[in-house]
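Single-structure report; data block below.
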Amino acid sequence: MNELPAEQTWLVLVELLTDLRKKGVKIPKKVTKNIQMAKTVINFYKVDPTDPERQVEVKRINEFLTTAQNSLMTMANQFSGDYADDWMEKLLQASRGEEVYPQKKTDSKFVIGAPSGFSMIRVNFKAPLSEDRVQEIAEYHNVIIEFVEDHVIAVYGDQENLKKSLQELSTFFKEQLQDTD
């Protein structure tokens, strides 16, 4: 399927978040969670955009992106010069469906490459995971966790946060091993 304007908006917000982090801005966990949830819902929607049950997700995608955008732009406005204006222009381009950042195209089911400034890992479990528990881990450790499939996740974040979230995610491996005994 062709790329949605929401995907470009998501990419711009990830780049803005990364740039703000490089400038020493502490990003609230709720902003990271909104960006993560937006990507998860975008991927869910793209599976079959003609499905009426998936079409209602467009509103949720926009809500997640708008909330994250408002927070990040408020943080961007703290800097002098044209910093916030430059990011707003990128967001406007994305909303018009223009490509601001190229997205890697692949036939793979996996997400290829992490947004700049982030490290990424992919984890494949034997069985589907509880989305609620995974979201708690993402929020607590300030990482973005994207469901690639019911039992495959991609985790984005700083290397230290990835290590901590992996330690907690390892409990899923232990639970699945116990279930097979």
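The values are calculated or read from the model by the stated rules, or taken from the named source; none is laboratory data. Everything numeric here is computed off the predicted structure, so don't read it as measured data. FYI the Cβ positions are ideal-geometry reconstructions off the backbone, even for glycines, and counts take in every protein chain you see.
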Count of residues meeting criterion [under 27 Å from LEU16 (Cα atoms) and surrounded by fewer than 17 Cβ atoms within 10 Å (Cβ to Cβ)] in segment 117-132 | 5
Residue under evaluation SER119, criteria (1) of a type in the set (Ser, Thr, Tyr); (2) in contact with a strand residue (DSSP E or B) (Cβ under 9 Å, 6 or more places away or on another chain); (3) at pLDDT 80 or above, criterion not met = (3)
Of the conditions (1) under 13 Å from the mean Cα position of the chain (by Cα); (2) at pLDDT below 90, ASP48 fails just one. Which one is it?
-> (1)
With respect to LEU13, determine if the residue is surrounded by 17 or more Cβ atoms within 10 Å (Cβ to Cβ) and under 15 Å from the mean Cα position of the chain (by Cα).
-> yes
Positions within segment 52-75 being surrounded by 12 or more Cβ atoms within 10 Å (Cβ to Cβ) and over 27 Å from VAL25 (Cα atoms), in sequence order = ARG54, GLN55, GLU57, VAL58
For segment 134-157, name all the residues that are of a type in the set (Asp, Glu) and either surrounded by 19 or more Cβ atoms within 10 Å (Cβ to Cβ) or touching a helix residue (DSSP H, G or I) at 6+ places or on another chain (Cβ under 8 Å) (or both).
-> GLU139, GLU146
Flagged in segment 78-92 as among the small types (Gly, Ala, Ser) and not in a helix (DSSP H, G or I), in numbering order, are SER80, GLY81
Looking for whichever is farther than 23 Å from VAL12 by Cα, part of a loop (DSSP other than H, G, I, E, B), at pLDDT below 80 and not charged (D, E, K, R) here; the options are ALA114, ALA127. Which one fits?
-> ALA127
